[in-house]
Amino acid sequence: MTTERRDLYTPITQTIVTQLEAGVRPWHQPWKVQHAAGGISRPLRSNGEQYHGINVVVLWLTAFEKQYVSPLWLTFQQAKELGGSVRKGEKGTGIVYANSIEKKETDTATGEEKTERIPFLKSYTVFNAEQVKGLPEKYYAKVANPLPLEQRLDIAERFFAGTKADIRHGGNRAFYSPGSDYVQMPPFESFETRESYYSTLVHECTHWTKHECRLNRTFETKRFGDQGYAMEELVAELGAAFVCADLGITPEVLPEHASYLAAWLQVMKAVNKAIFTAAAQAERAADYLTKLQAVPAIA
């Protein structure tokens, strides 16, 4: 079981490391396409449900490399059940399924029965809808009237208001202050684009979720720039990409985040499941922010 996990962690981590070394963030796409199932969205299963965690990053990376428009992904069997078939010569994308099993043991000294949960990771293969022929038309349909940007930004405003986070504006730096528990943002008008403002805000709000009264997330950071600091920044990067996709906003790579690349690479090369941990924590943060909404703000 341990060997299988290593075999699954390593190839995915190596692929992401290769992209980062080339200056490409797999979780930032140009989003210049529109599909009826979602122009800006997380990857979707054949039934329209979202993928989660590391699978989001893996499928975004594949879609970016292969220039797929569709966010929909299917297993070979799902394609067959829908009346379709994978085109000859097409190669699938390996993703993972994480779960745990219960193992019961009896303590020989006390006679008490103890239950231990043992995590496991399994791999399976999916194909983008564009690799499959003969599917119902909705799997290929382009969206006729994409949601206007202004409406998407209104949704974002309601989303951040719904978090009830203490968001302050002023100065020329964006940061989260753990001690005082507030998010500091430069004035809206100081950003080059509206998307860059919201990308930055959701990045800092992802940091906000780590507070001990919320998700109590810690990577044992001892100093600025250490491995724990790099992991937290990676969680914020991924969390921002997830929420931006949910809100229909184009995430933007901010210049100051370039300095984190070397640190992320160092962490991933040292710990081959670091990106899996970061993606799982980013998912928790994105879910936490979403659940704070009194009325769902996501379109």
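The values are calculated or read from the model by the stated rules, or taken from the named source; none is laboratory data. Quick caveat: nothing in here was measured; it's all calculated off a predicted structure. When we count neighbours, we look across all protein chains shown, and the Cβ atoms used for this are built from the backbone with ideal geometry, even at glycine.
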Review point. What's the number of the condition GLU220 fails, among (1) assigned to a helix (DSSP H, G or I); (2) at pLDDT below 90; (3) of a type in the set (Asp, Glu)?
Key: (1)
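Mind telling me which of the residues PHE242, PHE160, PHE188 ends up being loosely packed, with under 15 Cβ neighbours inside 10 Å and either under 19 Å from TYR288 (Cβ atoms) or at pLDDT below 95 (or both)?
PHE188
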Exercise for review: Report whether or not GLY89 is of a type outside the set (A, V, I, L, M, F, W, C) and either touching a Pro at 6+ places or on another chain (Cβ under 7 Å) or not in a helix (DSSP H, G or I) (or both).
Suggested key: yes
Exercise for review: Identify, from the list LYS122, LYS103, the residue that is free of Cβ contacts under 8 Å to residues at least 24 places away in the same chain, part of a strand (DSSP E or B) and surrounded by 10 or more Cβ atoms within 10 Å (Cβ to Cβ).
Suggested key: LYS103
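Considering only the range 40-51, how many residues are over 14 Å from the mean Cα position of the chain (by Cα) and at pLDDT below 70? Full working, then the answer.
Let us first name the residues in the range 40-51 that are over 14 Å from the mean Cα position of the chain (by Cα), namely 45-49.
Still in the list and also at pLDDT below 70: none.
Total satisfying the criteria: 0.
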Study note, to complete from the structure: Among ILE95, ILE155, the single one that is assigned by TED's automatic domain parsing to the domain that holds PHE276, surrounded by 10 or more Cβ atoms within 10 Å (Cβ to Cβ) and among the β-branched types (Val, Ile, Thr) is ILE155
Check your understanding: In the range 49-64, what residues are within 14 Å of ILE12 (Cβ to Cβ) and either in contact with a His (Cβ under 6 Å, 6 or more places away or on another chain) or not in a loop (DSSP other than H, G, I, E, B) (or both)?
Key -> ILE54, ASN55, VAL56, VAL57, VAL58, LEU59, TRP60, LEU61, THR62
Revision key, fill the gap. Taking the range 126-152 and keeping residues surrounded by fewer than 12 Cβ atoms within 10 Å (Cβ to Cβ) and either part of a strand (DSSP E or B) or among the hydrophobic types (A, V, I, L, M, F, W, C) (or both) leaves ALA144
**Study point:** Out of SER70, SER85, sole residue that is buried (at least 18 other Cβ atoms within 10 Å of the Cβ) and either within 19 Å of the chain's Cα centre (by Cα) or modelled with pLDDT of 85 or more (or both)
**Key:** SER70
Practice item. Look at ARG158 and say whether it is charged (D, E, K, R) and over 28 Å from the mean Cα position of the chain (by Cα). Key: no
**Study point:** Conditions (1) more than 25 Å from the chain's Cα centre (by Cα); (2) surrounded by 14 or more Cβ atoms within 10 Å (Cβ to Cβ): number failed by ALA109
**Key:** (2)
**Study point:** Test: residue in the range 192-215 that is part of a loop (DSSP other than H, G, I, E, B) and at pLDDT below 90
**Key:** yes
Exercise for review: Tally the residues that are closer than 23 Å to GLU233 by Cβ and either modelled with pLDDT of 90 or more or in contact with a Ser or Thr (Cβ under 7 Å, 6 or more places away or on another chain) (or both), restricting the search to the range 22-39.
Suggested key: 1
